1. To the nearest 10 degrees, how steeply does helix 2-13 sit against the main Cα axis of the chain, on a 0 to 90 scale?
2. Quick one: putting +1 on the C-beta of Lys and Arg, -1 on the C-beta of Asp and Glu, what dipole do you get for segment 1-113 around its Cα centre, in Debye to the nearest 20?
3. Compute the relative contact order of the chain as a whole-number percentage, counting only Cα pairs closer than 8 Å that sit 6 or more residues apart in sequence.
4. Assuming R0 = 25 Å, can you tell me the calculated FRET efficiency for the pair Glu179 and Thr129, based on Cβ-Cβ distance, to the nearest 0.05?
5. What's the angle, to the nearest 10 degrees (0 to 90), between helix 34-49's Cα axis and the longest principal axis of the chain?
6. Just to make sure I understand: if all protein chains stay in place, what is the order of Leu231, Leu46 by accessible area at 1.4 Å, largest first?
7. Got a sec to turn the phi values of segment 155-172 into Karplus ³J(HN,Hα) couplings, 6.51 cos²θ - 1.76 cosθ + 1.60 with θ = phi - 60°, whole Hz, x for Gly and Pro?
8. How big is the dipole moment of segment 37-180 about its Cα centre under a simple scheme where the beta carbon of each Lys and Arg is +1, that of each Asp and Glu is -1, and everything else is neutral? Debye, nearest 20, please.
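The values are calculated or read from the model by the stated rules, or taken from the named source; none is laboratory data. What you are looking at is a predicted structure, and each value in this text was computed from that prediction instead of being measured. Cβ sites come from the backbone with ideal geometry, for glycine too, and all protein chains shown count toward neighbours. SASA here: full protein model, heavy atoms, side chains in, ligands and nucleic acids out. Shrake-Rupley method; radii C 1.70, N 1.55, O 1.52, S 1.80 Å.
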Amino acid sequence: PADVYKRWVAFGLLSSHSRLHGSSSYRVPWVYDDEAVDVLRFFTKLKAKLMPYLFKTSIDTSKSGIPTMRSMVLDFTEDKTCHYVDKQYMLGDNLLVAPIFNNESIAEYYLPKGTWTNLLSGEEKTGGTWLTEEHSYLSLPLMVKENSIVAFGSCDSRPDYDYGKDAELWIYALLDGKETSTVVYGMDQKPVITIRALQSNGQISIQTISDRQYSIRLVNVIATAVSDGELTINGNDTLLHLSGNTDII
């Protein structure tokens, strides 16, 4: 059925590998309806934008052996609820994906303790509880763990491109006194952007190493000043264009 296909598309594309497959049927979206095409397009573009994050995760996986797609218990061993949660997963270190498995568009999922941010809407949720939400076909719980930096690429039309060129580095729910970092790799698996961020006493310090043009988004943060660069307020976020190591207030 078309509704099942649309939910499956969102789930399938938010994984380490994606393909339209079927053992005895032709499962391309236009066989179902125009909305199925829209859903496939939306999540394909999203995955293409997330390729800097996914490529880094793949490189980490090749070194550590920890899967890109993994059970919640692997990352949250101390949380006993995660010992039996089997209908959601972590996609890399920073993203939690909770697919929808019913025809009522209802998501039921569990968030471990901490502040989680919906990557698609920017809405923050407090963890340590189960949540029930209704989602359209163009949405699902795609949650970013607190104290994360997620790198987005500038291209949404193909998976292989220059991940460092005009990259956007989104910083989520920094924890006071706890540094976070990430790396953007080029297709040759060499670092092209390295970023570290630390929040302390209401001030955020950011250090970057790169010769590329890039931007930084502080999600759900309204900054008032920046020491070395320019800032723009965009809704609930602060957009930064930096020229060096920077302090933000």
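1. 40 degrees
2. 420 debye
3. Working: 526 pairs, mean separation 33.3, N = 249.
Reported relative contact order: 13 percent.
4. 0.35
5. Between helix and principal axis, roughly 30 degrees.
6. Ranked list, largest accessible area first: Leu231, Leu46.
7. Result, ordered by residue: 10, 10, 10, 7, x, 10, 7, 6, 5, x, 6, 6, 5, 10, 10, 9, 10, 10 Hz.
8. 380 debye
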